Amino acid sequence: MSEFSLWDIVYNLLLAARWTVLLSLTAFVLGGLVGLLLLMVRTAGNPWVIRLVRGYVELFQGTPLLMQLFIVFFGLPLIGLDVSPWVAATLGLTLFTSAFLTEIWRGCVESIGKGQWEASASLGMNFTQQMRYIVLPQALRIAIPPTVGFSVQVVKGTAVASIIGFVELTKAGTMITNATYEPFTVYGCVAVMYFLICYPLSLFARHLEGKFRHVAR
Amino acid sequence: MAYKFDFGAIVPHWQLLFDGVILTTELTVIGAVVGVGLGIMGAWARASRAPVISQIVGVYVELIRNTPFLVQLFFIFFGLPALGVKLTEFQAAVLAMIVNLGAYSTEIIRAGIQAIPQGQIEAAQSLAMNRVQIFRYVVILPALKKIWPALSSQIVIVMLGSSVCSQIAAEELTFGANYIQALNFRAFEVYFVVTGLYLVMSILLRMGLKVLGNFLFERRRHV
């Protein structure tokens, strides 16, 4: 058995933390794009599409992230796709993120007064132009603080990806624990690293909330 | 070769899923009741005039809210025995859920307390109520009523989060699912069904909390 000093533990955890950051970023960006798409088709307003998107959101908000990852991880091979833990984790977290973000952003778009829509329609704007020039720029200001706040949930969500075998911070913690038998130190370090990633995001979100509170009114 | 779905393969193992649902419910109920209780105390401490206690609670809230539940669970189950605190799987799972929900509900309930108009408290003071009485009779119920939807969502999130407790072999619903798929290799079918069960449970829990909220808050309006 090799000897691990505290520095070895921290160093190896830091290496793994890069994957946590990468997975979080990927899921957040892709999830944001899918969420935006869902928001657009939903706001465009075919009642069936609205129901469908609502069902999608309900499904992802009403089931555990772990189950979503399991279904992607065990389900896709059944239709002949070979998925690595990385692909399954990215796909699962992207869908999860998109459902939450589209719901957050829906609230922001709905908070834009009806008069804004009517005024822009009376200027002869079509739906895309209304969204692009009138509604989204205003909704964006309101949307930024809760979106940044949600990014913390994404980072924490990546920990669940360790269960389907993706080696990120938590999984690395488990592996190092199995080698060192020092769970207290190792999981303590793991928790500190998550904290160092998440806390600045939380602070930033809170700062933005305070800043935009005056603008919204 | 196309895969043939066989959901019938789960039926013989229904007992495992049933036990899992029961245990997940137990975890959720204990976690929610004690967790919200902890949250009320935390919010009380945050609002108190003793800065040290308020700061300690603040650190607790931030630590929990900025680390994953899975890591908290591992720390409690694998890490605490190093300090001589040995817990069973169930105890560790419940403790993790309580600690987790306690932090979130502290923050949620605090927001509710801050929304109580200052005049209410001043009126209570002028009736010579002491601080405990004011909190008990004037502040806490309206505060809880205001934030009940947010608190309900958080309880549902904690219930769904309990699925990772299978990782320390607490025998809840996901544990049952893992066990069944290890027996019959029907991973997709099992997880599909269990996802459906979670969905039903979260809808029922949401409805139950709504009914509870009506019961707790609406009647007292007239009193």
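FYI, it's all coordinate maths here, none of it is from the lab. Bear in mind the structure is a predicted one, so any value in this text is a computation, not a measurement. Here Cβ is always computed from backbone atoms with ideal geometry, including for glycine, and neighbour counts include all displayed protein chains.
Within the listed set B:V61, B:V29, B:V200, the residue fluctuating most in the Gaussian network model of chain B (springs between alpha-carbon atoms under 10 angstrom) is B:V200.
Going from the fewest other Cβ atoms within 10 Å to the most, the residues B:D6, B:D19, A:D82 appear in the order A:D82, B:D6, B:D19.
Annotation for segment A:13-34 versus segment A:68-128: alpha-carbon center distance of 17 Å.
Rounded to the nearest angstrom and listed largest first, the equivalent-ellipsoid semi-axes of the protein assembly as shown from its Cα gyration tensor are 35, 31, 24.
Is there a quick way to get the dipole size of chain B? I mean about its Cα centre, with the Cβ of Lys and Arg at +1 and of Asp and Glu at -1; what is the value in debye to the nearest 20? Intermediate results must be reported in sequence, preceding the final value.
Working: 16 positive and 11 negative charges, 194 e Å.
Using Cβ point charges on Lys, Arg, Asp and Glu, chain B gives about 940 debye.
Which of A:I134, A:I176 comes first, and how do the rest follow, when ranked by fewest Cβ neighbours within 10 Å?
Values: A:I134 18, A:I176 24.
With the fewest neighbours first, A:I134, A:I176 line up as A:I134, A:I176.
Arranged from fewest to most other beta-carbon atoms within 10 Å of their beta carbon, B:F69, A:F70 become B:F69, A:F70. Using Cβ point charges alone (K and R +1, D and E -1), the dipole size of chain A about the Cα centre works out to roughly 900 debye.
Taking the convex hull of the alpha carbon atoms in segment B:1-55, what volume per residue do you get, in Å³?
Values: hull volume 7.1 nm³, N = 55.
Here the figure is 129 Å³ per residue.
Taking 24 Å as the straight-line reach from the Cα of A:K156, the lysines in range (excluding those fewer than 8 positions away in the same chain) are A:K171. Centre-to-centre, using Cα atoms only, segment B:138-171 and segment B:39-81 are separated by 15 Å.
Which whole number in µm²/s is D for segment A:6-216 by Stokes-Einstein, with the Kirkwood Rh taken over Cα pairs at 10 °C and 1.306 mPa s?
Details: Rh = 19.0 Å.
My calculation gives 84 µm²/s for D.
Please check: in the Gaussian network model of chain B (C-alpha springs, under 10 Å), which one of B:A170, B:A103, B:A128 has the largest mean-square fluctuation. Sorting by GNM fluctuation, first place goes to B:A128. Projecting the Cα atoms of A:P146, A:L25, A:S120 onto the dipole axis of chain A, where Lys and Arg carry +1 and Asp and Glu carry -1 at the beta carbon, places A:S120 farthest toward the positive end.
Taking 20 °C and 1.002 mPa s as conditions, segment A:1-112 diffuses translationally at an estimated 134 µm²/s according to Stokes-Einstein applied to its Kirkwood radius (Cα pairs).
The long axis of helix A:6-44 is offset from the longest Cα principal axis of chain A by roughly 20 degrees.
In this simple spin-label model, placing a label point 7 Å from the Cα along the Cα-to-Cβ direction at both B:W14 and B:Q118 gives a separation of 6.2 nm.
Backbone geometry of segment B:6-15 corresponds, through the Karplus equation with coefficients 6.51, -1.76 and 1.60 at θ = phi - 60°, to 3J(HN,Hα) couplings of 9, 6, x, 5, 8, 3, x, 9, 4, 4 Hz, x marking Gly and Pro. If you run the Gaussian network model on chain A, springs between alpha carbon atoms under 10 Å, then out of A:A119, A:A44, A:A88 the most flexible one is A:A119. Estimated at 0.36 nm per residue, the fully extended path between B:S153 and B:I56 surpasses their Cα-Cα distance by 32.3 nm.
Would you kindly work out the equivalent ellipsoid of segment B:85-223 from its C-alpha gyration tensor and give its semi-axes, the square roots of five times the eigenvalues, largest first in whole Å? Display every interim value, and only then the final one.
Numbers: eigenvalues 330, 61, 20 Å².
For segment B:85-223, the semi-axes come out at 41, 17, 10 Å.
With a ≥ b ≥ c taken as the square roots of the eigenvalues of the C-alpha gyration tensor of segment B:1-118, please select rounded if a/c is under 1.5 and otherwise prolate if a/b is larger than b/c or oblate if it is not? In terms of gyration-tensor shape, prolate. Our helix-only sum for the protein assembly as shown, with -39,500 (n - 2.57) per DSSP H run of n ≥ 4 divided by its residues, gives a mean residue ellipticity at 222 nm of -25000 deg cm²/dmol.
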